[in-house]
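Structure first, commentary second.
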Amino acid sequence: MTSTNSTGDTAAALKDPDTSVQAEPTLPQPLNTTDGQAKTEKVRDPWPDNARFIAAVLIVVMHFAVEVIERSDLVKNLFFATWPMRVPLYALLAGYFSSAAPITSKRGIVLLRNVLFVYLLFEFLQTVQKWALNGKFDFNPGTPSFALWFLLSLFFWRLSLPLLSRIRWIIPLSIVAALLVGYASQMGPELSASRTVAFLPIFLVGWKLREIGLHKTLDRVWVRVAAVAFYAFWFTYVVYNVDDLKRRWFSMTRPYRGDDLDHEMLMRAMVLTVGILGALALLALVPRTKLMWITYLGSGSMYIYLLHPLIVRQFGYHGYFDTLDSRAEVLSMLAGSALIGTLLATPPVRKILKPLVQPTYTWLFHTDERKTR
């Protein structure tokens, strides 16, 4: 912002929904005006929203399904086969929609309000839920509750991106850091430290993709053919090696463990490669056009992500997962959880909970940049 902006103009800009954590780059579209001259209106690109709907719903489905993973081969195969379509895709798109420009007053407020403060709010809500269920109140925002690590990591990624972008070969260096952080015994779930470093390369690939151009890079026939080939290979690999795969390799929540730490590092290198290639492959295969409800629901993927842990925990508390024995029951659970994920991004939910998920308040912040100098 420049000093010529008024306080009122700044406050109005901060209430623009496009400044939220889900803000998207938009595509310029020419419009005809009454005087015959063309104006340009920015239209939201549906391609990323279509992809995020898939990622968000799969995250919900797998968070339900993981409760029965030890007694269901179907779930175990689905868990590993769909992993690149879930968190890696989310991290890559988060990078794609992040800017390496210096953090202005407006962007700083949005980063605090729509990422860090939303994280703290939902951390508190999950704490209250756990207190209501088990009688213990333990609010500890330093260690993220179920699924909330992503928001904390997103805050650190976007906060540091203007600095990291100044480093040459930052993506290769971030990969080295992601591999080496596993050796650091003090880097664990606290402050999402391990995952922030481990998933950083995927975030940075997304940021670089923004510089190159999403459509220019992935909207080609040979790329889509390669994407199909990748998933054919990955699904086949999972089917034949599922019993050798470890969930900890994919979560990257804690340091390496076991007798062969170097093998753990090689597995992380494999997982990062699969995550990056899988996220890019899914983007290449996702339809680019507006798909009515799918595109709309995908634009509200953060509602799905933030709200579903509360529902999963409630189901677990009432012993629902212990009742699932047959494959038919597991399939019903998978279908039901997909429906739950879809419903969480519908208009009624978004209208009621928008102040929590996409806040626009400005009363807490200085909107006059002169007061922050």
Listed by range, helices (runs of 4 or more DSSP H) wholly within the stretch 57-171 having at least 1 residues that are among the β-branched types (Val, Ile, Thr) and closer than 30 Å to VAL239 by Cβ are 73-81, 87-96
Screening THR253, THR273 for residues that are surrounded by 15 or more Cβ atoms within 10 Å (Cβ to Cβ), modelled with pLDDT of 95 or more and at negative phi leaves only THR253
- Query: Do we have LEU204 as of a type outside the set (S, T, N, Q), at pLDDT 95 or above and either in a helix (DSSP H, G or I) or farther than 21 Å from GLY258 by Cβ (or both) here?
  - Reply: yes
Filtering the stretch 219-236 for residues that are among the hydroxyl-bearing types (Ser, Thr, Tyr) and loosely packed, with under 15 Cβ neighbours inside 10 Å leaves a count of 1
Note on the stretch 128-184: residues closer than 27 Å to THR273 by Cβ and of a type in the set (S, T, N, Q) are SER153, SER160, SER165, SER174
Among helices (runs of 4 or more DSSP H) entirely inside the stretch 257-373, those with 1 or more residues being in contact with a helix residue (DSSP H, G or I) (Cβ under 8 Å, 6 or more places away or on another chain), touching a residue at least 40 places away in the same chain (Cβ under 8 Å) and of a type in the set (Ser, Thr, Tyr) are 293-299, 301-317, 327-343
Per the filter on the stretch 146-162, residues of a type outside the set (A, V, I, L, M, F, W, C) and either over 14 Å from the mean Cα position of the chain (by Cα) or surrounded by fewer than 16 Cβ atoms within 10 Å (Cβ to Cβ) (or both) are SER160, PRO162
Filter the stretch 43-56 for residues that are over 13 Å from the mean Cα position of the chain (by Cα) and assigned to a helix (DSSP H, G or I); the one that is farthest from GLY278 (Cα to Cα) is PRO46
Within the stretch 122-145, of all residues that are loosely packed, with under 15 Cβ neighbours inside 10 Å and within 23 Å of the chain's Cα centre (by Cα), the one nearest to ALA56 (Cα to Cα) is PHE124
Is it the case, given these coordinates, that ALA328 is surrounded by fewer than 13 Cβ atoms within 10 Å (Cβ to Cβ), of a type in the set (A, V, I, L, M, F, W, C) and out of contact with any Phe, Trp or Tyr (no Cβ under 7 Å at 6 or more places or on another chain)? yes
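Okay, residues lined up against (1) part of a helix (DSSP H, G or I); (2) more than 24 Å from the chain's Cα centre (by Cα); (3) at pLDDT 95 or above:
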{"position": "LEU209", "(1), (2), (3)": "yes, no, no"}
{"position": "VAL225", "(1), (2), (3)": "yes, yes, yes"}
{"position": "VAL228", "(1), (2), (3)": "yes, no, yes"}
{"position": "PHE233", "(1), (2), (3)": "yes, yes, yes"}
{"position": "THR236", "(1), (2), (3)": "yes, yes, yes"}
{"position": "VAL239", "(1), (2), (3)": "yes, yes, yes"}
{"position": "VAL242", "(1), (2), (3)": "yes, yes, yes"}
{"position": "TRP249", "(1), (2), (3)": "yes, no, yes"}
- Task: Answer yes or no as to whether LYS246 is without any contact (Cβ under 8 Å) to a residue 40 or more places away in the chain and within 22 Å of LYS76 (Cα to Cα).
- Result: yes
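The values are calculated or read from the model by the stated rules, or taken from the named source; none is laboratory data. Everything numeric here is computed off the predicted structure, so don't read it as measured data. All Cβ positions, glycine included, derive from the backbone under ideal geometry; neighbour counts span all protein chains shown.
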